[in-house]
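See below for the structure under consideration.
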């Protein structure tokens with residue numbers, strides 16, 4: 001890391017905004033996402049002068065999510081800027097998703113002058129630090145211009161160290177616009193190299209190897225935390241002869257054609273009630289609904305389970321664990337791979353083949369027609385053709401409800417470089433727009449495919465303008481069935497025998513997303529016939545900023561939606577969508593009057 005030396009801007013004095021920009025530049029920042037506000041001008045000029053590229057979006061939520069998408073693909077801290085209070089409030093959803101997904105994001109905001117506190121000043125109503133604290137690792141207001149580099153360095157390292165997450169710093173407008181006393185500037189850790197990552201305890205690794213060598217059907221399930229450990233994970237898999245599955249939120253870096261790449265972890269449900277895994281290594285993969293919850297279909301309850309995570313509190317959080325190890329995923333992979341050769345691990349060829357072949361399982365939908373009785377495209381067949389038409393090693397961002405499920409089921413056909421389910425733990429629709437922008441900036445050499453439903457597309461479709469203005473290599477696919485698909489299909493399951501009402505589920509058939517795209521200077525096409533899908537998508541992969549409006553049927557219902565509604569005729573259970581059914585409460589009668 002180069003020594004930090006402040007540079008005086010040409011033709012003007014150095015301001016607090018310059019300290020902020022130059023500190024970030026010294027910490028490795030070369031791009032920031034945001035939306036203009038006059039409060040931030042001192043920083044924006046400073047960023048321009050020290051060659052930080054500014055990507056201005058059309059909404060602050062998308063700006064924060066673009067920074068998160070950038071972080072997910074680049075492995076660096078994503079930096080974003082949102083103006084005081086109004087912009088900050090719009091940015092809160094982005095902080096919420098970054099916090100839930102443990103993404104390193106550095107969010108800059110501003111506020112009225114300190115002297116105007118509690119005067120009902122413009123854009124000064126909420127205490128932004130107080131509001132942000134529950135959904136950030138660190139939130140702080142800088143009140144002294146000379147302290148800017150020190151606080152920036154601390155917050156930046158907080159975002160990217162240990163359990164990663166977003167941070168927010170409020171720089172009041174007077175602090176950003178004031179010149180510092182240069183001899184009093186506090187630099188803090190701006191010049192300090194990043195801290196070493198935690199390695200696994202050798203004794204714990206030995207216990208793990210003893211359990212591993214007794215396994216006949218081992219699997220590894222990876223999560224977001226393996227990003228950046230590509231080679232180490234590959235060595236771990238090969239040295240232990242273990243198939244690698246991935247949490248649906250983030251695909252594994254194991255190469256697409258590798259015999260040990262076994263696809264999404266949801267495929268393990270096919271082994272339920274059969275010869276299933278007897279050893280499961282959860283590698284930077286959190287338990288929860290993305291891994292089948294507590295039902296045991298994906299993580300068998302009778303298997304030996306080891307969990308590796310930077311967060312010791314996450315280990316065993318919702319599933320019994322036999323071996324827990326706190327460690328960086330990459331260092332863990334290296335430590336185990338170095339011991340595996342002498343550990344006496346066997347290679348079960350039949351098991352490896354079974355796991356690998358899960359990706360090629362013939363689904364019932366493949367035997368159905370490509371056009372549904374309503375005359376619309378079968379969503380499964382249409383998505384298969386989309387995936388086949390994409391260039392290998394694309395970055396695929398999956399958004400939407402049922403649209404996202406059809407995409408997740410067919411992802412392996414595309415052989416992506418990486419695939420991210422944007423909805424994350426919050427089930428947050430619309431994230432894919434920001435993630436796609438950030439991913440395209442982080443890796444401009446690859447096509448980014450932004451898969452949306454017609455519901456999720458409506459959240460931030462104006463970002464087509466951002467994609468076009470910066471000529472980002474993003475192809476957006478709107479899988480359009482004119483309804484909130486997961487909502488209406490869930491209501492069908494719950495209320496089919498009671499009512500035909502499906503409230504708040506319809507969307508407009510008149511909305512022409514391809515025309516919207518053209519209005520934002522993107523290529524746009526509409527797809528309605530099976531034979532159009534492959535050629536149209538293939539053409540758009542070479543068109544730069546583009547969008548395909550693919551009209552599909554609302555039926556059939558995806559397996560994910562079916563699994564989210566546990567229908568039963570047992571009157572002792574209350575059926576609810578998304579979660580385990582709830583036991584019906586029974587109340588004792590009191591006083592003999594028949595009232596509870």
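Computed from the coordinates by the stated procedures, all read-outs in this text should not be read as laboratory data. Because the structure is a prediction, the values reported are computed rather than measured. Here the Cβ is made from the backbone with ideal geometry for all residues, glycine too, and neighbour counts use every protein chain on show.
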* Principal axes of the stretch 202-360: Cα extent on each, largest first, Å -> 35, 33, 29
* Structure fact -> From the Cα centre of the stretch 86-130 to that of the stretch 235-272, the distance in Å is 40 Å
* State, to one decimal in nm, how far the label point of residue 518 lies from the label point of residue 121, with both points 7 Å from Cα in the Cβ direction. => 4.9 nm
* Counting alpha carbon pairs within less than 8 Å and at least 6 residues apart, what relative contact order, in whole percent, applies to the stretch 458-537? -> 30 percent
* To do: Multiply the residue gap between residue 584 and residue 388 by 0.36 nm, knock off their C-alpha separation, and tell me the result in nm, one decimal place.
  => 65.8 nm
* To do: Would you mind ranking 486, 550 by Cβ crowding within 10 Å, fewest neighbours first?
  => 486, 550
* **Estimated distance in nm for a label pair at residue 270 and residue 230, the labels positioned 7 Å out from Cα along Cα-to-Cβ** => 2.7 nm
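Rounded to the nearest 0.05, what FRET efficiency is calculated for residue 495 and residue 350 with R0 set to 30 Å and r the Cβ-Cβ distance?
That gives a FRET efficiency of 0.10.
Using only alpha carbon positions, build the gyration tensor of the chain, then give the equivalent ellipsoid semi-axes as the square roots of 5 times its eigenvalues, largest first, whole angstrom.
Its equivalent ellipsoid spans semi-axes of 40, 31, 26 Å.
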* Asked: So how far apart, in nm, are the two label points at residue 195 and residue 182 if each is 7 Å from Cα heading toward Cβ?
  -> 3.3 nm
* Measure nothing but the geometry: give the 0 to 90° angle between the long axis through the Cα atoms of 431-442 and the longest principal axis through the Cα atoms of the chain, rounded to 10°. => 60 degrees
* For the Cα atoms of the chain, what angle does the longest principal axis make with the long axis of helix 230-240, in degrees from 0 to 90, nearest 10? -> 30 degrees
* Structure fact -> Taking r as the C-beta separation of residue 144 and residue 426 and R0 as 41 Å, the FRET efficiency to the nearest 0.05 is 0.70
* What is the Cα radius of gyration of the stretch 467-596 over 2.2 N^0.38 Å, N being its residue count? -> 1.61
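Divide by every residue of the chain the summed helix terms, -39500 (n - 2.57) for each DSSP H run of at least 4, and state the resulting mean residue ellipticity at 222 nm, rounded to the nearest 500 deg cm²/dmol.
-9500 deg cm²/dmol
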* Asked: Size of the stretch 1-148 along its principal axes in angstrom, Cα-based, largest extent first?
  -> 41, 36, 26
* Just the projected area, averaged over all directions, of the convex hull on the alpha carbon atoms of the stretch 369-559: how many nm²? -> 10.3 nm²
* Take the alpha-carbon centre of the stretch 167-203, take the same for the stretch 282-303, and report the distance between them in whole Å. => 38 Å
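Pop the C-beta distance of residue 462 and residue 575 into the FRET formula with R0 = 35 Å and round what comes out to the nearest 0.05.
Working: r = 38 Å, r/R0 = 1.09.
Calculated transfer efficiency: 0.35.
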* What angle do you read, to the nearest 10 degrees and between 0 and 90, between the alpha-carbon axis of helix 329-340 and the longest principal axis of the chain? -> 50 degrees
